[in-house]
Amino acid sequence: MSTSMEASTPAAHQGFADATMIDHESDLLQISLGPHHPSTHGVFRMDVVLDGERVVKLKPVFGYLHRNHEKIAESTTYLASIPYTDRLDYMCSLSNNWAYALSVEKLAGLQVPERAEYIRVIAAELTRLQNHASTIGFLMQEMGASGTPLMYAFREREKILDLFEALTGSRMMCNYMRFGGCRVDLPAGWLDQARKTVDEYPRFLDEFESLLASNEILLARTQGVGVLPPKLAIQGGVTGPILRASGVNYDIRKVDRYGIYERFDFKVPLGEHGDVYDRYMIRMLEMRESLKILDQALHQITPGPIIDPKAKIRGFRPKPGEAYGRIESPKGELGFYLISDGTPNPYRYRVRPPSLINLTVLEDMCLGSSLADTVVIFGTIDIVLGEVDR
Amino acid sequence: MNLEEIKSTLEAAIPGCSPQIVTNGSPSGQHSLLLDREHAFVAAMFLRDDPTLCLDYCSNVTGLDWLDTETSEKVKVTQLVDGVEKEVDEVRKTRTPGYLEAVYHLYSMQKKHGPLVVRLRTENRTDSVHLPSFTPIWRSAEFQEREVFDLFGIIFDGHPDLRRILMWDEFEDHPMRKDYVEPDDYEYEPTPHDAVLKKALEHRNRISTPDGQGA
Amino acid sequence: MLGEGIAKGLIETARNFLGSYVNKDRLTTVQYPEQRLPQAEATRDFPFLVYDGEDWQAGLRCVGCQICEKECPPKCIFIEKSTDKKPDAVGKPQFYPAVFNIDISVCMSCQICVEVCPFDAIKMDTAFELSTVDRFGGLLWDKARLAKPNQHYHHVHPTEAAEVDGRLAEERAKADAKAKAAAEAKTSAPPPAAPPAAPPANSGVSSTS
């Protein structure tokens with residue numbers, strides 16, 4: 001049995017070829033977890049080698065949902081890629097829209113009006129709320145609490161999706177942001193409805209905490225499980241709540257100050273141990289911080305234009321050049337790298353998928369733990385296969 | 001530290017290293033640093049370990065495909081025409097071989113600065129497509145370099161586990177290359193037009209069934 | 001005490017279960033086919049073609065310019081432009097789509113076609129119970145199935161439709177005034193007045209009227 005620290009050097013990673021040539025006299029057992037397994041969040045497979053109940057080798061296998069999103073985007077116009085970005089991380093389509101719009105704005109030098117910036121912040125933070133709530137729900141599901149916590153989370157998520165539907169016309173595939181602003185203005189009464197939802201949300205968090213926080217089974221299953229040391233987290237390019245649960249203070253909202261995030265007063269919660277419990281707790285705390293941002297944004301927002309007048313719907317051709325834009329999506333750093341050659345289609349369109357890159361350290365976190373814990377550790381990474389495979 | 005300073009620091013620290021600055025025309029102003037293949041690994045190690053730069057976080061790794069380009073220019077040459085020396089226009093075609101490129105976006109989590117865009121170029125697009133792998137320096141490049149290998153066909157020397165990641169192992173081509181030809185696997189679509197229609201017609205001619213669908 | 005946390009969680013569940021008998025807020029679901037939740041006004045799913053007047057074939061706003069076909073991300077629209085012109089709702093001769101098909105099994109409800117349309121001819125519907133037993137033919141909608149009156153647009157998206165109608169009326173009035181001025185100029189100085197050239201296809205709604 002090896003520990004996660006030893007495996008932090010890439011030299012410890014050998015190809016899977018040797019794992020398939022296991023000496024069958026030994027106690028090692030190779031199993032294939034997935035691709036259609038309820039715990040794999042979609043079509044994802046892990047080739048796991050077990051020594052008894054302990055994991056000695058784990059190789060993730062991707063590509064079941066691969067559709068070459070990047071190639072599709074390179075053969076259509078800039079505008080036509082926005083609906084496809086919805087389908088990357090389909091839980092957080094508004095964050096994806098924002099990341100893409102931000103990159104194109106960098107590429108073409110567009111200015112976003114203030115009201116549009118506020119709408120973007122509100123949309124992104126609501127997305128974070130519903131993503132974190134359902135992630136925790138799924139995590140509990142994987143520990144065996146089938147249904148109850150997930151339904152509580154989905155009840156709240158529904159309220160936020162209702163807001164999205166009233167604003168964008170769709171609950172999940174929002175296709176809302178445009179280069180230099182947003183597509184439509186807020187409908188009448190939307191702000192009041194949003195304020196009401198935001199004001200009621202802490203009650204849900206309290207209820208959720210009393211349901212779970214002191215639950216002995218939860219504590220036993222999460223504390224000290226799947227520890228990710230901060231050094232390995234940085235080395236592995238891990239971003240988002242997982243990184244901060246390991247105690248690394250890196251939140252792109254604070255580092256890059258994109259949009260208008262410097263106007264809001266919020267904290268970045270940090271974990272201490274980097275175990276499953278910290279990753280669960282970080283998401284609970286981040287929801288409370290998101291509520292703070294929402295509360296400020298919903299009261300500061302003022303009327304005004306919602307799109308840069310220079311932005312064009314048809315015939316959009318940025319000057320040749322390249323740009324990399326990134327935002328703090330609920331899963332981690334979501335970036336878009338674009339190269340324009342002056343034509344209506346991007347020459348290169350690249351998505352930096354946080355879900356895929358956060359999986360780099362999955363094996364290190366799982367080595368030595370039991371198979372049942374592997375499922376839980378995998379659940380805290382919070383991946384969406386639409387984004388992993390693209 | 002700006003790009004010029006990083007360039008001169010690298011030149012001073014690593015003998016023989018000659019990074020070039022690649023300028024970027026867009027308003028983003030993200031210029032990049034082109035490293036030569038021989039010194040790239042040492043230079044990347046330096047970028048990570050240097051206490052002022054401290055680029056400990058490799059955010060994004062991606063590939064690029066630049067096709068061969070052909071430029072033609074008119075030159076005046078003196079030639080013997082019917083025994084007399086004359087100035088004749090001649091069109092000279094220069095073929096610039098294309099190359100594959102790997103682009104790395106580096107940030108510092110400790111110092112909270114970045115991005116530093118680092119580029120590496122292969123010699124050509126066909127037979128000499130090797131680049132040093134940065135996975136031993138930044139683990140986050142592991143899956144992303146595999147992806148670049150899979151979709152662009154750049155071979156990263158020193159990568160611990162270089163296999164296809166998104167396409168299946170038996171797949172042969174590299175789909176993100178600009179000259180990639182899709183296989184002939186047409187499926188029924190009720191409203192084919194443009195490229196799909198062409199493909200549908202080609203497919204129908206090939207299998208020559210009298211089925212009227214797809215026109 | 002061991003088990004305290006579990007007991008606390010169970011109390012929370014019981015509170016919600018029993019509370020659902022007295023407090024309506026705790027009842028979060030409806031019995032779907034019988035009970036329905038109201039749809040938001042902005043809801044969208046599949047596109048339809050707007051027509052003015054009574055006759056759908058004469059009143060289609062679409063002039064077959066094929067912009068939506070080109071911009072559609074999954075390429076689910078198929079248009080064949082007519083070779084002749086027919087009078088539209090106000091009697092001006094216009095091209096019309098000879099064939100206009102949308103494959104709604106491919107359509108991803110993104111609304112890009114609505115945004116790029118310069119004639120306000122294509123809009124999003126809200127009907128969602130569209131299952132059919134014919135997987136291919138039943139999901140390939142032609143012009144006749146797609147055409148819906150302007151009243152339907154007002155019914156599903158009242159605010160947006162009122163805004164569009166206002167804009168169209170304004171542009172029509174402007175075009176009428178222009179035509180009138182041109183006609184007056186023609187009568188006062190007969191020989192040199194050339195007939196007003198047709199504006200380019202993407203110059204906006206004014207070319208429909």
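The values are calculated or read from the model by the stated rules, or taken from the named source; none is laboratory data. These numbers were taken from a predicted model, which means no experiment stands behind them. Because the Cβ atoms are built from the backbone with ideal geometry, glycine has one as well, and the counts that use them run over all protein chains shown. Remember, those area values only see protein heavy atoms, side chains included, never the ligands or the DNA or RNA. Shrake-Rupley method; radii C 1.70, N 1.55, O 1.52, S 1.80 Å.
Couple of notes before you dig in:
- When residues of the stretch B:123-180 are limited to those that are touching a helix residue (DSSP H, G or I) at 6+ places or on another chain (Cβ under 9 Å), assigned to a loop (DSSP other than H, G, I, E, B) and β-branched (Val, Ile, Thr), the one farthest from the other protein chains (Cβ to nearest Cβ): B:Val129
- Candidates B:Ser8, B:Ser18, B:Ser59, B:Ser26: the one that is over 22 Å from the mean Cα position of the chain (by Cα), open to solvent by less than 70 Å² (accessible area, probe 1.4 Å) and not hydrophobic (A, V, I, L, M, F, W, C) is B:Ser8.
- When the test is whether a residue is within 13 Å of chain A (Cβ to nearest Cβ) and open to solvent by less than 30 Å² (accessible area, probe 1.4 Å), C:Arg26 does not pass it.
- Cβ separations smaller than 8 Å between residues 6+ apart or across chains give the following pairs from the stretch B:110-132 residues that are among the polar types (S, T, N, Q) to residues that are in a strand (DSSP E or B) and open to solvent by less than 70 Å² (accessible area, probe 1.4 Å): B:Thr122/B:Tyr99; B:Thr122/B:Leu100; B:Thr122/B:Glu101; B:Thr122/B:Leu131; B:Asn124/B:Tyr99.
- The stretch B:42-56, residues that are open to solvent by 20 Å² or more (accessible area, probe 1.4 Å), closer than 23 Å to A:Thr239 by Cβ and part of a helix (DSSP H, G or I): B:Met45, B:Arg48, B:Asp49
- B:Ser26 passes every criterion in (1) polar (S, T, N, Q); (2) assigned to a helix (DSSP H, G or I); (3) farther than 15 Å from B:Leu106 by Cβ apart from (2).
- Filter result (touching a residue at least 24 places away in the same chain (Cβ under 8 Å), over 30 Å from A:Val225 (Cβ atoms) and not in a loop (DSSP other than H, G, I, E, B)) within the stretch A:336-386: A:Phe336, A:Tyr337, A:Leu338, A:Ser340, A:Arg348, A:Tyr349, A:Arg350, A:Val351
- Those residues of the stretch C:117-153 which are of a type in the set (D, E, K, R), in contact (Cβ under 8 Å) with a residue 12 or more places away in the chain and open to solvent by 40 Å² or more (accessible area, probe 1.4 Å), in sequence order: C:Arg135, C:Asp142, C:Lys148
- Unmet criterion (only one of (1) out of contact with any Leu (no Cβ under 9 Å at 6 or more places or on another chain); (2) in a helix (DSSP H, G or I)) for B:Gly16: (2)
- Restricting the search to strands (runs of 3 or more DSSP E) fully inside the stretch B:68-113 and requiring at least 1 residues that are aromatic (Phe, Trp, Tyr), modelled with pLDDT of 80 or more and surrounded by 15 or more Cβ atoms within 10 Å (Cβ to Cβ) gives B:99-108.
- Exactly one residue out of A:Asp308, A:Asp275 is surrounded by 15 or more Cβ atoms within 10 Å (Cβ to Cβ) and within 14 Å of another protein chain (Cβ to nearest Cβ): that is A:Asp308.
- Residue count for the stretch B:79-98, restricted to those that are touching a residue at least 12 places away in the same chain (Cβ under 8 Å) and either over 28 Å from B:Arg146 (Cα atoms) or more than 14 Å from chain A (Cβ to nearest Cβ) (or both): 10.
- Candidate set: the stretch A:186-195, residues that are within 12 Å of chain C (Cβ to nearest Cβ) and farther than 22 Å from A:Glu105 by Cα; chosen: the one most open to solvent (accessible area, probe 1.4 Å): A:Ala188
- No other residue among A:Val238, A:Val268 is within 17 Å of A:Leu129 (Cβ to Cβ), assigned to a loop (DSSP other than H, G, I, E, B) and either hydroxyl-bearing (Ser, Thr, Tyr) or modelled with pLDDT of 90 or more (or both) apart from A:Val268.
- Screening the stretch A:222-245 for residues that are in contact (Cβ under 8 Å) with a residue 60 or more places away in the chain and surrounded by fewer than 19 Cβ atoms within 10 Å (Cβ to Cβ) and picking the one that is farthest from the other protein chains (Cβ to nearest Cβ) gives A:Pro229.
- Subset tally (residues that are open to solvent by 10 Å² or more (accessible area, probe 1.4 Å), more than 10 Å from chain C (Cβ to nearest Cβ) and in contact (Cβ under 8 Å) with a residue 40 or more places away in the chain) for the stretch A:154-178: 1
- Qualifying residue in the stretch A:130-151 (condition: acidic (Asp, Glu) and surrounded by fewer than 18 Cβ atoms within 10 Å (Cβ to Cβ)): no
- Residue that is nearest to the other protein chains (Cβ to nearest Cβ) [pool: residues in the stretch C:90-106 that are in contact with a strand residue (DSSP E or B) (Cβ under 7 Å, 6 or more places away or on another chain) and within 23 Å of A:Thr85 (Cβ to Cβ)]: C:Asp103
- Matching residues, the stretch C:1-23, being part of a loop (DSSP other than H, G, I, E, B) and more than 9 Å from chain A (Cβ to nearest Cβ): C:Met1, C:Asn23
- Restricted to the stretch C:71-89, and to residues there that are assigned to a strand (DSSP E or B) and open to solvent by 30 Å² or more (accessible area, probe 1.4 Å), the residue that is nearest to the other protein chains (Cβ to nearest Cβ) is C:Phe78.
- Summed over the stretch A:364-386, the residues that are under 16 Å from the mean Cα position of the chain (by Cα) and not acidic (Asp, Glu) give a count of 9.
- So A:Thr148, is it β-branched (Val, Ile, Thr) and away from chain C (no Cβ under 12 Å): no
- Meets criteria (open to solvent by 30 Å² or more (accessible area, probe 1.4 Å), in contact with a strand residue (DSSP E or B) (Cβ under 9 Å, 6 or more places away or on another chain) and within 11 Å of chain C (Cβ to nearest Cβ)) for A:Arg183: yes
- Filtered by the rule that a residue be crowded, with 17+ Cβ neighbours inside 10 Å and either of a type outside the set (D, E, K, R) or in a loop (DSSP other than H, G, I, E, B) (or both), the stretch C:91-104 gives C:Gln94, C:Phe95, C:Tyr96, C:Pro97, C:Phe100, C:Asn101, C:Ile102, C:Ile104.
- Scope the stretch B:10-36; condition free of Cβ contacts under 8 Å to residues at least 24 places away in the same chain and of a type in the set (Ser, Thr, Tyr); matching residues: B:Ser18, B:Thr23, B:Ser26, B:Ser28
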